[in-house]
1. Somewhere in the stretch A:84-92, is a residue at pLDDT 95 or above and farther than 27 Å from residue B:38 by Cβ?
2. Restricting attention to the stretch B:8-29, report how many residues are open to solvent by 40 Å² or more (accessible area, probe 1.4 Å), among the polar types (S, T, N, Q) and either at pLDDT 95 or above or in contact with a strand residue (DSSP E or B) (Cβ under 8 Å, 6 or more places away or on another chain) (or both).
3. Can you tell me which residue is least open to solvent (accessible area, probe 1.4 Å) among those in the stretch B:99-114 that are within 10 Å of chain A (Cβ to nearest Cβ) and more than 16 Å from the chain's Cα centre (by Cα)?
4. Of the numbered conditions (1) surrounded by fewer than 20 Cβ atoms within 10 Å (Cβ to Cβ); (2) facing chain B (nearest Cβ under 9 Å); (3) within 26 Å of residue B:90 (Cβ to Cβ), residue A:92 fails exactly one; give the number of that condition.
5. Among (1) farther than 24 Å from residue A:58 by Cα; (2) surrounded by fewer than 16 Cβ atoms within 10 Å (Cβ to Cβ); (3) within 13 Å of chain A (Cβ to nearest Cβ), where does residue B:5 come up short?
6. Residue check, residue A:27 against (1) open to solvent by 70 Å² or more (accessible area, probe 1.4 Å); (2) touching a strand residue (DSSP E or B) at 6+ places or on another chain (Cβ under 7 Å), all met but one. Which one?
7. Across the stretch A:68-78, what is the total count of residues that are open to solvent by 10 Å² or more (accessible area, probe 1.4 Å) and either over 19 Å from residue A:53 (Cβ atoms) or hydroxyl-bearing (Ser, Thr, Tyr) (or both)?
8. Against the conditions (1) among the polar types (S, T, N, Q); (2) more than 10 Å from chain B (Cβ to nearest Cβ); (3) open to solvent by less than 60 Å² (accessible area, probe 1.4 Å); (4) within 23 Å of residue B:39 (Cβ to Cβ), where does residue A:55 fall short? Just the number, please.
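The values are calculated or read from the model by the stated rules, or taken from the named source; none is laboratory data. Please read these numbers as outputs of a predicted model, since none were measured by experiment. When we count neighbours, we look across all protein chains shown, and the Cβ atoms used for this are built from the backbone with ideal geometry, even at glycine. What goes into the accessible areas is simple: the full protein's heavy atoms, side chains included, and nothing from ligands, DNA or RNA. Shrake-Rupley method; radii C 1.70, N 1.55, O 1.52, S 1.80 Å.
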Amino acid sequence: DAGITQSPRHKVTETGTPVTLRCHQTENHRYMYWYRQDPGHGLRLIHYSYGVKDTDKGEVSDGYSVSRSKTEDFLLTLESATSSQTSVYFCAVGHAGTGYSPLHFGNGTRLTVT
Amino acid sequence: AQTVTQSQPEMSVQEAETVTLSCTYDTSESNYYLFWYKQPPSRQMILVIRQEAYKQQNATENRFSVNFQKAAKSFSLKISDSQLGDTAMYFCAFMNPTGNQFYFGTGTSLTVIP
């Protein structure tokens, strides 16, 4: 258990509303990631962070923004939710510079945009 | 970007039998890491096994083992003595240590039949 908590666990929201998902970790991992999981697509990287205030885009970043003001928290914001953003969102953490480290995942957030 | 291909969307196996899940990847890197993750119906992502590309020896974890063929860029997962609890989605993942990014396949849904 890498001490990763995602909130909320489930959320239903309406098209056009902003939504923020939170990822909190307790083990001081440097790297944090946001993925979305969709049938037939596996897990696709949205954004990741390699330190406080250091973030970069993944392959499906359009319509999403992130922030990391503290080591332990990584926020994912859907600026104006669309039905195509209905998905399961996973936060993951890992280390860099210490050999290698597999990703450790949170339990996911199921987001439904109506 | 690296690509990871899992060509078997669904598989089934009889309890106590052996099954092999295939994974291929495309990269120009010489050093990298490969992983298999299991996702049971609970949605939790669980690391099953890992392989370092510079190691010739195939990784083994109890009933799980891999067949790593670096030249062929193939990384298959063998599950021996299949158990009902092995029913899950299995994802193959590639890690590029220089960019510290992970790339996932689309997954194989495995059902163990009693």
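1. Yes, because at least one residue in the stretch A:84-92 is at pLDDT 95 or above and farther than 27 Å from residue B:38 by Cβ.
2. Taking the stretch B:8-29 first, the residues open to solvent by 40 Å² or more (accessible area, probe 1.4 Å) are B:8-12, B:14-18, B:20, B:24, B:26, B:28-29.
Now restrict to residues that are among the polar types (S, T, N, Q): B:8, B:12, B:14, B:18, B:20, B:24, B:28.
Those left that are additionally either at pLDDT 95 or above or in contact with a strand residue (DSSP E or B) (Cβ under 8 Å, 6 or more places away or on another chain) (or both): B:8, B:12, B:14, B:18, B:20, B:24.
Qualifying residue count for the region: 6.
3. For the stretch B:99-114, the residue satisfying everything is B:100.
4. (1)
5. (1)
6. (2)
7. Here the count works out to 3.
8. (4)
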